[in-house]
Amino acid sequence: MRLLIVEDDGAFAESLADMLLPRGFGPVIAGTPDAAIAIMAGDDPPPVALIDLRLGAASGIDLLARLRNDRPELIGVLMTAELDTHTALAALRRGAYDYFDKSV
């Protein structure tokens, strides 16, 4: 299954992709929100997206809401190194399926 990774830390994105490949996933990496939007607007968008909470000046929560607006069936999971209850609730309210702490 294809899976979108939206992460501005290229080394982390590649490491995550390397872990997912042997498990049967076909990761597609986007380093910016604009790249993610372009991938999701294509002919064969991935059904799942792992999105970093902080993408430079952009918000992963806002990106997820935008992507789900165009593709409501998208399963979005937010990744963060600074997880707190307020952020987790905001993510879930904006359509995140789940979230995980990437610092562990």
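The values are calculated or read from the model by the stated rules, or taken from the named source; none is laboratory data. Keep in mind the model is a prediction, meaning the values are calculated, not measured. Using ideal geometry, Cβ is built from the backbone for each residue, glycine included, and neighbour counts are taken over all protein chains shown. The accessibility values were calculated without ligands, DNA or RNA, using every heavy atom of the protein model including side chains. Shrake-Rupley method; radii C 1.70, N 1.55, O 1.52, S 1.80 Å.
Of all DSSP beta bridges confined to the chain, the antiparallel ones make up roughly 10%. Amide H contacts for Ile29 (H built 1.01 Å from N in the peptide plane; partners 5 or more residues away or on another chain; cut-off under 5 Å): Ile5. Between Ser103 and Leu89, the modelled labels are 2.1 nm apart [label points 7 Å from Cα along Cα→Cβ]. Restricting attention to segment 49-104, close to 20% of DSSP beta bridges with both partner residues there are antiparallel. The modelled label-to-label distance between Ala41 and Leu20, using points 7 Å beyond Cα along the C-beta direction, is 2.1 nm.
For the chain, the solvent-accessible area with a 1.4 angstrom probe is 55 square angstrom per residue. About its Cα centre, the chain has a charge dipole of approximately 300 debye under the convention of +1 per Lys or Arg Cβ and -1 per Asp or Glu Cβ, with nothing else charged.
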